[in-house]
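All remarks here apply to the structure that follows.
The values are calculated or read from the model by the stated rules, or taken from the named source; none is laboratory data. What you see is a predicted model, and the numbers here were worked out from it, not measured in a lab. Using ideal geometry, Cβ is built from the backbone for each residue, glycine included, and neighbour counts are taken over all protein chains shown.
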Amino acid sequence: MINNNQIVKIRLNRSELAVPGSRVDFFEKAAQSKADIIFLDLEDSVSLGQKLSARANVIEAVNDIDWKGKTLSIRVNSHDTEFMEEDIKQIMKNTSSRLDLLMFPKVNSDKEVFKFDKLVSNYENKFKRKKKLGFEIIIETTLGLININQIALASKRNEALHFGSADFAASLGAKTIDIGGISQNYGVLNSSEKKRSFVLNDMWHYALFKIVLTAHAYGLRAIDCPFGNFSDELGFNYAARSTYTMGFDGKMLIHPSQIPLSNKIFSPTEKEVCNAKEILAQMKLAEKKGKGAIAFNGKLLDIVSIKQAKNIVDIDNLIKNNRESE
């Protein structure tokens, strides 16, 4: 196990747009979008017969397209396929330093992450790459969720833990085909004998909580799964607000129409930013007076409140800097 005390690069990750490597007509549109991160996909969105051409498309796109200030990632094929190792080799050999991240799907154990790290490190040395690539890890199998602590600590390159609900549902044997969101069949009846109503529950709550808990315990970003029904704006909003409230940093997106929704929800409001700045100012005054806690707006605040407030201010500064660079 690797001690993961390194400082992870701070990135805006409110919206992470998936772009199939086989759809070259989407590349320029993605580059012009307001997504914080673009990930060019070689895995699930690419058919078996298009794997090699998609890889070539993605490498060319990394080098030739102006991605502006966006963070750029590539999702390689999963570890149990014949494509994964060659994906990494060709990407490391042929992409420019514009590439920031590699995304690894269906990660089951720390041993797999050790292998990814070794391959990437060897190719960085072989091809004399100066920029170190970060890792995004998708937790989308039952084994991956069980081993999440070891996975999170397996590489100093790890930056983010993602939840993949569709593949996780398949791994679990869950009776749903929805991507993200709630299932209409998962819930409980209330206890009233006269008039009983069905109350929906979130069947992914445990997995989501485990991922956000682990991510923030080790200084990583926590990214929620895609919401498959891109025509359901209301459903997306409620799903995103829920995970934003839990502490997630953003969502993976499958459609450009979801970008402004995600950016808005995963950005602190003006009121939240003002309160956070006031909390920091008040706590600073309290420290000078030798106090470890203060009353603010009817609530008791302490050192934990400083951390929460600082997180909000840091995110707000990132957003402002991002706007200036566009």
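The condition of being outside any helix (DSSP H, G or I) and assigned by TED's automatic domain parsing to the domain that holds PHE168 holds for only one of SER78, SER53, that being SER78.
Confirm whether LYS93 is over 30 Å from GLY180 (Cα atoms), at pLDDT below 95 and not in a strand (DSSP E or B). So LYS93 fails the test. As a summary of the residue check, ALA31 satisfies the conditions (1) touching an Asp or Glu at 6+ places or on another chain (Cβ under 9 Å); (2) buried (at least 20 other Cβ atoms within 10 Å of the Cβ); (3) not basic (Lys, Arg) except for the one numbered (2). For the stretch 223-238, which residues satisfy the criterion of being surrounded by fewer than 23 Cβ atoms within 10 Å (Cβ to Cβ) and hydrophobic (A, V, I, L, M, F, W, C)? The answer is PHE230, LEU234. If you go through the stretch 22-50 and keep only what is of a type outside the set (A, V, I, L, M, F, W, C), assigned to a loop (DSSP other than H, G, I, E, B) and touching a residue at least 40 places away in the same chain (Cβ under 8 Å), you end up with SER33, LYS34, ASP36, GLU43, ASP44. One residue alone among ASN13, ASN5 is at pLDDT 95 or above and closer than 30 Å to ILE265 by Cα, and that residue is ASN13.
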